[in-house]
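Step one of this worksheet: look at the structure below.
We did not get these values from a lab; they are worked out from the coordinates using the rules stated. No experiment lies behind these values; they were computed from the predicted model shown. We place every Cβ from the backbone using ideal geometry, glycine too, and count neighbours over all the protein chains shown.
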Amino acid sequence: METVVFRVEVGDRLVTDLTDRIAGFVEGRGDGLVSVFAPHATAGLALMELGSGSEPDLADALDRLLPRDDRYRHRHGSAGHGADHLLPVVISPSLVLPVIGGMVALGAWQRVVLVDSNGDNPVRSVRCSFIAG
Amino acid sequence: METVVFRVEVGDRLVTDLTDRIAGFVEGRGDGLVSVFAPHATAGLALMELGSGSEPDLADALDRLLPRDDRYRHRHGSAGHGADHLLPVVISPSLVLPVIGGMVALGAWQRVVLVDSNGDNPVRSVRCSFIAG
Amino acid sequence: METVVFRVEVGDRLVTDLTDRIAGFVEGRGDGLVSVFAPHATAGLALMELGSGSEPDLADALDRLLPRDDRYRHRHGSAGHGADHLLPVVISPSLVLPVIGGMVALGAWQRVVLVDSNGDNPVRSVRCSFIAG
């Protein structure tokens, strides 16, 4: 298995595009599966279209589904941090993608993104691991 | 890695059963993992029991959690299409299943389904990829 | 592929920690991927921090997102059981984790848990399968 850990600068963005880095990692590797994994308790990974408005739509949806208020038992750091800790339960930090001929077999509108509502951590890690078939 | 792309006729169904096609794909392949992947920005994959009412229950839940109204920035196609674009963030289009002796090791009540709230695309693709262990 | 099925005593707990058992299963196996799979229609798998309040926070969030009342078509067993059947659609019962040098490459605060809102089944199964890279 080939594996690498990327340093990802998320700043205070909710959604950070990882597609090109994953594409670079699998380039030339033939057929197999790539595991993408975020080793964090307040971030997830998703596939979504970018650049058409879904990033702020996701922010609104998360605010509605996991409100950032004082309802949580898990409370430290910024207000609403308890919500951050439920995010990876709904948006898993583990994702496996098929690789065909050294290319991730994504659909035309799919991008691989890190979803991170926790503004207190501007730098994250993402591990990519390739298993040949 | 053995890989195949299925053409899936979803019509306007929210839930389409893929179990038998995946079972046919892995038949005779021994032990390994099968990756099921929908290369679409408005569909997801799930495991659920079918035929006991959970399909309309899921439709109701999605209408409640991701309402099909005009709140979304992502707006083109039918009303509420912005909700379709958030569906794969919550219901991932990537799923990996264990295969034992050429059979998907599902529980008695589990079916593998495509979840697609986007009525504008009656035909979808699903890629299955098998890696032997 | 090496595979094992664990018997998991969940009692009436919503969240059951599986981390140590998965760690024991992959110990000494080198690099690869471990598939964790719950063959049940009313349970899911997640990565989350434990012991800081997120378990009751998750219980509250699920009660809010998938209320345990009489709205569901899928109705048998306890009240609200229809909600149990939607849980694995949102919290998938399939999870793949990278293994490096015989250790699951988790983040410092991540634990692998079974999420099971169905109090009628105090004992569950979880299958772990390791593929070397």
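Worth pointing out:
- For the stretch C:47-65 versus the stretch C:10-46, the spacing of their alpha-carbon centroids is 18 Å.
- Local net charge near C:Leu58, Cβ-Cβ under 12 Å (Lys/Arg +1, Asp/Glu -1): -3
- Taking max minus min of the alpha-carbon positions on each principal axis, the stretch A:2-132 gives extents of 49, 29, 22 Å, largest first.
- Using C-alpha pairs below 8 Å separated by at least 6 residues, the relative contact order for chain A is 54 percent.
- Shortest-first nm distances, C:Gly101 label point to equivalent points in other copies (7 Å, Cα→Cβ): 3.8, 3.8
- With one equal scatterer per alpha carbon and no solvent term, the Debye-computed log10 I(q)/I(0) for the stretch A:7-53 at 0.19, 0.30, 0.33 1/Å reads -0.79, -1.39, -1.46.
- Residue mean of other protein chain beta carbons inside 10 Å, A:49-61: 5
- Looking down the axis that turns chain C into chain B, the chain C residue with its beta carbon nearest that axis, and the gap rounded to whole angstrom, comes out as C:Val96, 3.
- Magnitude of the charge dipole, the stretch C:2-132, Cβ model with Lys/Arg +1 and Asp/Glu -1, debye to 20: 380
- Neighbour-limited loop hits for GluC sites (Glu not before Pro), the stretch C:1-65 (at most 16 other Cβ within 10 Å; DSSP other than H, G, I, E, B): C:Glu27
- Label points for B:Ser78 are taken 7 Å from Cα along Cα→Cβ. From this copy to the others they lie 3.6, 3.6 nm apart, shortest first.
- Averaged over peptide B:110-121, the number of partner chain Cβ atoms lying within 10 Å of each residue's Cβ comes to 1.
- Listed residues A:Ala59, C:Gly133, C:Gly24: farthest to the positive end of the dipole of the protein assembly as shown (Cβ charges): C:Gly133
- Using the rule -39500 (n - 2.57) for each DSSP H run of four or more residues, divided by the residues of chain B, the 222 nm mean residue ellipticity is -6500 deg cm²/dmol.
- The overall shape of the protein assembly as shown, judged from the alpha-carbon gyration tensor, is rounded, with an a/c ratio under 1.5.
- Net charge of neighbours whose Cβ lies under 12 Å from the Cβ of C:His40, counting Lys and Arg as +1 and Asp and Glu as -1: -2
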